[in-house]
Structures are given as C-alpha cells and as structure tokens.
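**Q** Have a look at this one.
The values are calculated or read from the model by the stated rules, or taken from the named source; none is laboratory data. This is a predicted model, so every value here is computed, not measured. Neighbour counts are summed over all protein chains in view; Cβ atoms, including those assigned to glycine, are modelled from backbone coordinates with ideal geometry.
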C-alpha cells in the first residue's frame with residue numbers, strides 16, 4: 001500500500017529537524033551552513049621523554065578511524081618513537097557516539113573520563129588524539145597539529161625513516177602547504193560531509209578539488225614528496241585524508257565528483273607513502289569503513305556498511321592512462 005503524501009511530507013520535516021539536532025551535536029556549523037571545527041582545549045608542550053617507573057611518561061591516545069589521530073601515529077612510526085611515547089587505543093561506541101578504551105587505561109573505561117580528570121567541563125567533546133602525562137595524570141595536549149610538531153622534536157629512534165619531518169630549509173614551504181591543505185582538504189572533506197545546505201556542500205567541494213589539483217600539479221614535476229625530495233609534515237598531514245578517500249569520504253561524505261585515480265601523480269604519491277616502513281600497520285581500511293558508516297548515524301541512519309576494496313588492494317592498481 002502506498003504511503004500517503006501527507007505522511008511522507010510530515011516525516012521529512014520531522015526527520016530534517018532531528019537531523020539538524022544530531023548534526024549540531026556532532027559537528028557545529030556557521031551561519032552559512034558550513035562545518036566549523038571546534039578549537040582544541042589543551043595546548044601545552046610535551047614535557048620531555050622521561051620514563052615513569054620504567055614506562056614512557058607520555059601516552060598518545062588515538063582512535064584508528066580518526067585522521068587527526070592518524071597523523072600523530074604516523075609521526076610516532078616514522079620517527080621510531082615507540083620506546084619514548086607509549087600508545088593507547090580507543091574505539092567508537094556506535095550506540096552512544098563516544099570513544100571507549102579497548103582495554104582499561106589508567107583506571108578509565110571511556111575517553112571522556114580523561115577529559116573530566118583534566119578539568120574539562122561536561123560540555124566539552126572528548127576527541128582524539130590526546131597526549132596524556134602519566135606523571136601528572138592529565139591531558140597536556142589534544143591538538144594534532146601541536147602534537148605532531150612536538151613529537152618531531154624528540155630524537156629519532158634507530159629505525160627512523162627521517163631524522164626530522166620539518167627540515168629547516170623547507171619550513172616556509174611546509175607552513176604554506178600545511179595551512180592550505182588543512183582548510184581545503186583535511187577539513188574540506190568534513191565541510192563536504194557535514195554541510196547543512198547544498199550551497200555549503202558545493203563551496204567545500206570546490207575548495208577540496210582545488211586543493212587536490214594543486215598537489216597534483218606540484219607532484220607532476222617528478223618530485224617524490226609534496227615539498228620536494230624530502231618527506232615532510234605536509235605529506236604526513238595529507239596522507240590520512242587520502243588513505244580514507246575510498247573507504248569513507250568519496251561516498252559517505254559526498255566527495256565523489258572525481259575519482260582519486262584521475263589524479264595519477266597523487267595516486268602514485270599515496271602508494272609511495274603507504275610503502276614507507278611501518279605505515280601500512282596504521283591503515284586498517286576495513287575498520288575505517290565500519291567506523292564511519294556504522295557510527296556516523298546522521299550521515300548513514302540505516303547503519304548499513306557497504307563492501308569496498310581494501311586500501312592495499314587499491315594501491316596495487318594503476319590508474320588508466322588518459
């Protein structure tokens with residue numbers, strides 16, 4: 001039996017109102033309907049790399065599906081810092097929308113408890129990454145941009161891929177690229193997915209693909225990395241977004257205007273980064289897909305998680321020659 005048009009209309013209105021409530025809780029927007037990232041609340045500096053009772057003083061708390069946490073994990077891997085920076089993992093609870101620890105951490109079960117312990121109010125969202133100080137029993141930083149730079153100041157381990165990801169001669173270029181990619185690409189995919197209006201979505205989509213085109217043009221001269229011959233923080237910042245492209249952003253966030261394989265130099269760059277030592281271990285693409293499609297209820301209320309190729313299988317492919 002067909003559903004009466006009046007019921008369809010009323011249901012759409014009710015659902016849209018509920019959707020806005022859920023979206024505002026998940027991702028704030030400005031007056032134009034564009035996603036606006038909340039500022040981080042903890043911005044202190046890493047307090048050295050001392051040991052506490054035989055364990056690293058600082059713990060990096062990450063969620064595997066979060067791209068901002070992924071960049072901090074990458075620096076820890078690329079600099080070989082596992083002996084000086086410990087790590088704990090949280091996973092999303094799809095029923096509550098909160099991060100929970102895989103195993104109890106410092107006596108806590110949920111990430112928000114670390115935030116309360118550190119003085120955050122009840123209105124503060126608990127996000128990853130988090131840099132936790134075991135000695136003081138509190139969060140010292142939850143801003144990924146700070147954390148990756150602070151980790152880079154630590155002496156590299158014996159198996160480090162790079163001694164530093166911020167070579168002094170490339171700092172101006174790193175700063176320029178980082179600011180641009182942060183706004184147009186890293187935040188850009190979220191501005192697409194969390195837009196409240198068609199106009200906001202299309203603005204974000206235009207900025208996103210302008211950013212990807214700029215990277216493609218830079219890599220077209222044969223350089224291996226975005227700033228030239230050296231692997232830098234710019235590559236670290238971009239990779240988590242590009243790694244999640246097919247798993248989440250292309251479909252769930254509405255970023256499918258162009259397939260990533262239509263950027264052949266960017267496609268090759270992604271493969272090159274993935275093949276660096278210890279990077280593949282940070283890329284559980286099926287977990288990403290499960291978490292994005294299963295946990296972001298406002299974007300996928302059915303909870304159905306479609307099947308898709310793994311990142312490793314995609315990287316075995318070569319883009320078609322135009």
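**Q** I need the full set of residues from segment 69-84 which are surrounded by fewer than 22 Cβ atoms within 10 Å (Cβ to Cβ) and in contact with a strand residue (DSSP E or B) (Cβ under 6 Å, 6 or more places away or on another chain), in order please.
**A** 84
**Q** Taking the condition more than 28 Å from residue 285 (Cα to Cα), assigned to a loop (DSSP other than H, G, I, E, B) and either free of Cβ contacts under 8 Å to residues at least 24 places away in the same chain or outside the structural domain of residue 245 (by the TED database) (or both), does residue 81 pass?
**A** Answer is no for this residue.
Residue-by-condition table, conditions (1) under 19 Å from the mean Cα position of the chain (by Cα); (2) surrounded by fewer than 15 Cβ atoms within 10 Å (Cβ to Cβ); (3) outside the structural domain of residue 94 (by the TED database):
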| residue | (1), (2), (3) |
| --- | --- |
| 220 | no, yes, yes |
| 239 | yes, no, yes |
| 242 | yes, no, yes |
| 255 | yes, no, yes |
| 282 | yes, no, yes |
| 306 | no, yes, yes |
| 312 | yes, yes, yes |
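**Q** Something else about it: For segment 275-298, give me the residue count where each residue is modelled with pLDDT of 95 or more and not in a helix (DSSP H, G or I).
**A** Counting residues in segment 275-298 that are modelled with pLDDT of 95 or more and not in a helix (DSSP H, G or I) gives 7.
**Q** Go through (1) without any contact (Cβ under 8 Å) to a residue 12 or more places away in the chain; (2) farther than 24 Å from residue 303 by Cα; (3) within 18 Å of the chain's Cα centre (by Cα) and name the single condition residue 100 misses.
**A** (2)
**Q** Something else: Exactly one condition in (1) in contact (Cβ under 8 Å) with a residue 24 or more places away in the chain; (2) closer than 23 Å to residue 96 by Cβ; (3) surrounded by fewer than 18 Cβ atoms within 10 Å (Cβ to Cβ) is false for residue 228; which is it?
**A** (2)
**Q** Please go through segment 215-240 and give me each residue that is in a helix (DSSP H, G or I), more than 15 Å from residue 289 (Cβ to Cβ) and out of contact with any strand residue (DSSP E or B) (no Cβ under 7 Å at 6 or more places or on another chain), ordered by number.
**A** Result: 215, 216, 217, 218, 219, 233, 234, 236, 237, 238, 239.
**Q** If we keep just the residues of segment 1-40 that are under 18 Å from the mean Cα position of the chain (by Cα) and surrounded by 11 or more Cβ atoms within 10 Å (Cβ to Cβ), which is nearest to residue 302 (Cα to Cα)?
**A** In this case the residue turns out to be 26.
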